[in-house]
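Each reported figure results from applying straightforward, stated rules to the coordinates on display, with no laboratory input. Predicted, not measured: the structure shown is a model, and the values here were computed from it. Neighbour counts run over all protein chains shown; Cβ positions are idealised from the backbone, glycine included.
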Amino acid sequence: MGLVNPLFDTRREDLTPSEFWQAGTYFTHPARAKAVLVNLEPGRPLGRENLVHLGRQGAALLEARTGMVTDWCGGISKDGRRVVLVFKKLAYDARNFRRRELWVEPEDLRALAELVPGRTRKGRPRERVMERRR
């Protein structure tokens, strides 16, 4: 997370990694993925404010599409070209607030890609997702 410091979420733009990774807010079993990382890279340069706005829009869209309340944060890469969103896999169902695991489907990624201004030459959105163990 040091490459995208400081972090932001819905309310703050000065979140630290230790504030985000609080004990009990993520899966601790070594074989389970802890987070889903989504990189949103616009096809043209955007300012910090616009990148933060893009990250917040992306998080809200993913929550709406999955019906989950997620614990997420975002950061802007050092080069200022992309937003990195981190969604903890431990989430809550928005209807009954029961714990569930967050699953991001290809359709969700396509919807996120529609938010990103600019496209590559092949018409593909500039985003990637990967799960990472912590």
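FRET efficiency for the Ala23 to Glu101 pair, using the beta carbon distance and R₀ = 22 Å, is estimated at 0.75.
Between Leu7 and Leu15, the built amide H atoms are under 5 Å apart, and every one of these is 5 or more places off in sequence or on another chain. For segment 15-21, the Karplus equation 6.51 cos²θ - 1.76 cosθ + 1.60, evaluated at θ = phi - 60°, returns couplings of 6, 9, x, 5, 6, 6, 8 Hz by residue, with Gly and Pro reported as x. Sorting the segments 18-24, 108-114 by their residues' average number of neighbouring beta-carbon atoms within 10 angstrom, most packed first, yields 108-114, 18-24. Quick one: grab the alpha carbon gyration tensor of segment 1-90, order the square roots of its eigenvalues as a ≥ b ≥ c, and give me rounded if a/c is under 1.5, else prolate or oblate depending on whether a/b is larger than b/c. It comes out prolate by the Cα gyration axes. Estimate the FRET efficiency between Ala113 and Tyr92 by the formula 1/(1 + (r/R0)^6), using the beta-carbon distance for r and 25 Å for R0, to the nearest 0.05. Result of the calculation: an efficiency of 0.50. In a fully extended conformation the segment linking Ala31 and Thr10 would gain 4.6 nm over its present Cα-Cα distance, using 0.36 nm per residue.
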